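Beneath this line is the structure, given in structure tokens, with notes to follow.
The values are calculated or read from the model by the stated rules, or taken from the named source; none is laboratory data. Just so it is clear, the structure is predicted and the values come from calculations on it, not from any experiment. No Cβ is skipped: glycine too gets one built from the backbone with ideal geometry, and neighbour counts run over all protein chains shown.
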Ligand SMILES: C[S@@+](CC[C@H](N)C(=O)[O-])C[C@H]1O[C@@H](n2cnc3c(N)ncnc32)[C@H](O)[C@@H]1O
């Protein structure tokens, strides 16, 4: 369990909020379109959103017909914003570590956008996620891609040819899973690197059936908004998205 949440740091929080408010960001152009495409039917369903942040997705689930949405986040600052801007009678926001799923209603969808790389023990967590789902329920999560989380200190970089064109990507320590600390607006942002196998195997062992693994590429429009984004994603993916299902017959609505 993480003892400290960087999202409650005032400097980090203001910078992160400003980033998400810009019209042009990687989340909105790459990650969110892919996550929305992979959402199952939510009519009458119960959804847990782990690391829900500002609550945008919780509200989207209600718009899509979910009858009950529970958004968990460790950051009081993020939840204050979520309650103010994305409140709805069907949504409950809880300030709690997402690895503590005790006492929550069984879910038809466990969703998490860009938060699982903050979890230390993924093996145990995968089992708890499986237990928290109804039969036939879905797990859909995105995280920073293992090629991004690998390098200590976030010191990975693109290499350029003599014309300045990005041609390759340098990273290290892929085969050394564990804690990483990097600078992102502030020093000391803590994440956990897992190899691809350290993500997929615990899910399979827990009992999940993998449905889709997605490493999203931008459409043509995205490349016009952030020049070079398509080329960068062709060199190295930014996000890893996993959609998996708990076997069984879905509960009737
Ligand atoms: C990059 S933000 C993503 C927020 C939101 N899912 C979105 O896509 O807009 C990651 C969120 O995970 C939360 N978080 C990090 N570690 C957590 C933990 N152990 N338990 C609950 N939330 C956590 C942070 O407070 C932050 O709101």
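To keep it simple, each residue is scored yes or no on (1) under 29 Å from residue 249 (Cβ atoms); (2) modelled with pLDDT under 95.
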position: 3; (1), (2): no, yes
position: 28; (1), (2): no, yes
position: 40; (1), (2): yes, no
position: 63; (1), (2): yes, no
position: 79; (1), (2): no, no
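Look at residue 248 and say whether it is on the phi > 0 side of the Ramachandran plot, more than 18 Å from the chain's Cα centre (by Cα) and part of a strand (DSSP E or B). The answer is no for residue 248.
In summary, residue 104 fulfils each of the numbered conditions (1) surrounded by fewer than 18 Cβ atoms within 10 Å (Cβ to Cβ); (2) near the ligand (Cβ under 8 Å from one of its atoms) with the single exception of condition (2). Could you tell me whether the stretch 5-27 includes any residue that is under 13 Å from the mean Cα position of the chain (by Cα) and surrounded by 21 or more Cβ atoms within 10 Å (Cβ to Cβ)? Looking for residues that are under 13 Å from the mean Cα position of the chain (by Cα) and surrounded by 21 or more Cβ atoms within 10 Å (Cβ to Cβ), one finds none in the stretch 5-27, hence no.
Scoring residue 99 on the criteria (1) in a loop (DSSP other than H, G, I, E, B); (2) within 13 Å of the ligand (Cβ to nearest atom); (3) more than 30 Å from residue 136 (Cβ to Cβ) leaves a single failure, condition (3).
Search the stretch 150-177 for residues being surrounded by 12 or more Cβ atoms within 10 Å (Cβ to Cβ) and within 21 Å of the chain's Cα centre (by Cα), and hand back the single one that is modelled with the lowest pLDDT. Looking at residues that are surrounded by 12 or more Cβ atoms within 10 Å (Cβ to Cβ) and within 21 Å of the chain's Cα centre (by Cα), I get 154. Taken over the stretch 186-227, the residue count meeting the criterion of being over 21 Å from residue 171 (Cβ atoms) and touching a strand residue (DSSP E or B) at 6+ places or on another chain (Cβ under 8 Å) is 7. Test residue 147 against the criterion of being crowded, with 16+ Cβ neighbours inside 10 Å, in contact with a helix residue (DSSP H, G or I) (Cβ under 8 Å, 6 or more places away or on another chain), in contact (Cβ under 8 Å) with a residue 60 or more places away in the chain and at negative phi, and give yes or no. So residue 147 fails the test.
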